[in-house]
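**Q** Submitted below is the structure of interest, expressed as structure tokens.
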Amino acid sequence: MPSPVCGHAYLKAGDYTITATSSWDVLWQALGQQGRVGLSSSATYQMPIREFVTVVIG
């Protein structure tokens, strides 16, 4: 499997919009009561991707 396992490889330079989302399903109980709450959080970031050059010195 190519690296990164949790990520994305950008094959050309450009300005990209990246959105990350986390979701939770919370089960709770207290004082004889119980319930389920769905929670979600999201963030968006504008990320410029430019050319990266690797230099090996040996």
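**Q** Can you find, within the range 10-35, the residue that is most open to solvent (accessible area, probe 1.4 Å) among those that are assigned to a loop (DSSP other than H, G, I, E, B) and closer than 30 Å to Arg50 by Cβ?
**A** If we take residues in the range 10-35 being assigned to a loop (DSSP other than H, G, I, E, B) and closer than 30 Å to Arg50 by Cβ, then Leu11 is most open to solvent (accessible area, probe 1.4 Å).
**Q** Are there any pairs with C-beta distances below 7 angstrom linking a residue in the range 43-56 that is farther than 8 Å from Tyr16 by Cα and among the polar types (S, T, N, Q) to a residue that is modelled with pLDDT of 90 or more and exposed (fewer than 10 other Cβ atoms within 10 Å of the Cβ), with the two at least 6 apart or on different chains, and if so which?
**A** Thr44/Thr17; Thr44/Thr19
**Q** Looking at the range 36-58 only, could you name the residues that are open to solvent by 100 Å² or more (accessible area, probe 1.4 Å) and not charged (D, E, K, R)?
**A** Tyr45, Gln46, Phe52, Val53, Thr54, Val55, Val56, Ile57, Gly58
The values are calculated or read from the model by the stated rules, or taken from the named source; none is laboratory data. This one's a predicted model, so the numbers in the text were calculated from it and none came from an experiment. Glycine also receives a Cβ, built like all others from the backbone with ideal geometry; neighbour counts cover every protein chain displayed. Calculation scope for accessible area: heavy atoms of the full protein, side chains included, ligands and nucleic acids excluded. Shrake-Rupley method; radii C 1.70, N 1.55, O 1.52, S 1.80 Å.
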